[in-house]
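Comments concern the structure below.
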Amino acid sequence: MKAAVFYECGDASKIQIAEVPNPKISTGQVLIKIHASAFNHLELWSLHGPADEGAQFPIWTGSDISGTIADLAPDVKNWAIGDAVVVNPSLSCEKCDHCLRGDVTLCDDYDILGSGGNGGNAEYIAANADKLMRMPAGFDFVTAAAAPLAYQTAWRALITRAKVQKEEDVLVLGGSGGVAVAAIQMCKMLGARVFVITSSEEKMEKARLAGADFAVNRKAGDPFEEIRHLTNGRGVDLVVENVGAATWPESQKILRKGGRIVTYGRTTGREATTNLSLLFWNEQTHIGSTMGSLQDFREMMEHVFNGKLTPIVDSVYPLEKAREAYEHYESGEQFGKIVLKISD
Ligand SMILES: [Zn+2]
């Protein structure tokens, strides 16, 4: 089969389309003919390297997958060849205490399908049948593939962990990434007021179209001061963080008393300074969140399938143009998801 692979780590110029062995299914698995595969930061982290010790090149990543079942192991029940499915990329042991309680993101062996290789940026993938969700008849494969990773991450962070309430003021940082855009949409769905800090006039406009009530350009003055002004000096109830070191002190300061920060990433560095006085005196809550549970995934996908939540797709590339898709992702110019359309 064809896959968008790299034989060494580097920039997008390392991506090429190559012939690789078809995946083989084992017990409990199905072979999926991939229709669409969406990009996440995992794509760039893997490509840019450094590669894990013992990594087997060529590597092809891809964690967000929609497609149809092309084959299935004899023990797989309830599925048939031709069924249209979307894949939950959460991989866990299913045996530890956390897994048995449904908290798969706390599993010691937690991993993400396709993040280290053998992923969905290819014509086929072998996936566990218990990770599949059936797509409604005629549902668009590109839209379905745009959802799993980013939208379940946002769902867990906002709804399960931070419990966003109607009419709360929420500040979303890094407002053009896949999870941030999903967070904007979910806040609006829940009736919260959304403020976004992003990096250009164009992205401000797109953030507003996605549902943001106010968008601020971080390259034009002090964005947190602007948010303070927009909230009449009161600040916000919740900050949705993924920037990390560069913004953490400001995220703490922009919170109202009793406010909370939920973080799902740290794009500018993992070490940040926490002001303990603000933490205890203002009774702040700092919440960490990673990916989603099976329940998070299913609830989120149901909202996608019934049209209450429509993932924003920035651009769609055929598999043959995967290198251009990677270049576009590296440029940081996208707003929403970049998707490879692999077959019809
Ligand atoms: Zn486990």
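The values are calculated or read from the model by the stated rules, or taken from the named source; none is laboratory data. What you are looking at is a predicted structure, and each value in this text was computed from that prediction instead of being measured. With ideal geometry, Cβ positions are generated from the backbone for all residues, glycine too; neighbour counts draw on all protein chains shown. Only protein heavy atoms, including side chains, enter the accessible area calculation; ligands, DNA and RNA are left aside. Shrake-Rupley method; radii C 1.70, N 1.55, O 1.52, S 1.80 Å.
Can you tell me how many residues within the stretch 107-118 are open to solvent by 20 Å² or more (accessible area, probe 1.4 Å) and near the ligand (Cβ under 8 Å from one of its atoms)? Of the residues in the stretch 107-118, 3 are open to solvent by 20 Å² or more (accessible area, probe 1.4 Å) and near the ligand (Cβ under 8 Å from one of its atoms).
Looking across the stretch 64-78 at every residue that is of a type outside the set (Asp, Glu) and in a loop (DSSP other than H, G, I, E, B), the one that is farthest from the ligand (Cβ to nearest atom) is identified as Pro74.
Of the residues that make up the stretch 194-206, is at least one open to solvent by less than 30 Å² (accessible area, probe 1.4 Å), among the β-branched types (Val, Ile, Thr) and over 20 Å from the mean Cα position of the chain (by Cα)? Among the residues of the stretch 194-206, not one is open to solvent by less than 30 Å² (accessible area, probe 1.4 Å), among the β-branched types (Val, Ile, Thr) and over 20 Å from the mean Cα position of the chain (by Cα), which makes the answer no.
Conditions tested, residue by residue: (1) among the basic types (Lys, Arg); (2) within 21 Å of Phe297 (Cβ to Cβ).
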site: Gln165; (1), (2): no, no
site: Glu168; (1), (2): no, no
site: Leu173; (1), (2): no, no
site: Gly177; (1), (2): no, yes
site: Met189; (1), (2): no, yes
site: Lys203; (1), (2): yes, no
site: Lys206; (1), (2): yes, no
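Check whether at least one residue in the stretch 152-162 is under 25 Å from Ala84 (Cβ atoms) and among the hydrophobic types (A, V, I, L, M, F, W, C), and report yes or no. Yes: the stretch 152-162 contains one or more residues that are under 25 Å from Ala84 (Cβ atoms) and among the hydrophobic types (A, V, I, L, M, F, W, C). Determine, yes or no, whether Ile69 is under 21 Å from Met1 (Cα atoms) and surrounded by 19 or more Cβ atoms within 10 Å (Cβ to Cβ). Here the answer is yes, as Ile69 does meet what is asked. Within the stretch 155-175, being buried (at least 23 other Cβ atoms within 10 Å of the Cβ) and farther than 18 Å from Ser251 by Cα holds for Trp155, Arg156.
Scan the stretch 50-65 residue by residue and report those that are under 20 Å from the mean Cα position of the chain (by Cα) and either over 13 Å from Ile15 (Cβ atoms) or modelled with pLDDT under 90 (or both). Ser63, Asp64, Ile65 - these are the residues of the stretch 50-65 that are under 20 Å from the mean Cα position of the chain (by Cα) and either over 13 Å from Ile15 (Cβ atoms) or modelled with pLDDT under 90 (or both).
One line per residue, one yes/no per condition, for (1) more than 16 Å from the ligand (Cβ to nearest atom); (2) in contact with a Leu (Cβ under 7 Å, 6 or more places away or on another chain); (3) not in a strand (DSSP E or B):
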position: Gly62; (1), (2), (3): yes, no, yes
position: Ala80; (1), (2), (3): yes, no, yes
position: Val85; (1), (2), (3): yes, yes, no
position: Cys93; (1), (2), (3): no, no, yes
position: Gly120; (1), (2), (3): yes, no, yes
position: Ile125; (1), (2), (3): yes, no, no
position: Met133; (1), (2), (3): yes, no, no
position: Gly138; (1), (2), (3): yes, no, yes
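Note on the stretch 127-144: residues that are of a type in the set (A, V, I, L, M) and either at pLDDT below 95 or open to solvent by 20 Å² or more (accessible area, probe 1.4 Å) (or both) total 1.
Out of Phe214, Phe195, Phe224, one residue alone is over 26 Å from Val304 (Cα atoms), in contact with a helix residue (DSSP H, G or I) (Cβ under 6 Å, 6 or more places away or on another chain) and of a type in the set (Phe, Trp, Tyr). It is Phe224.
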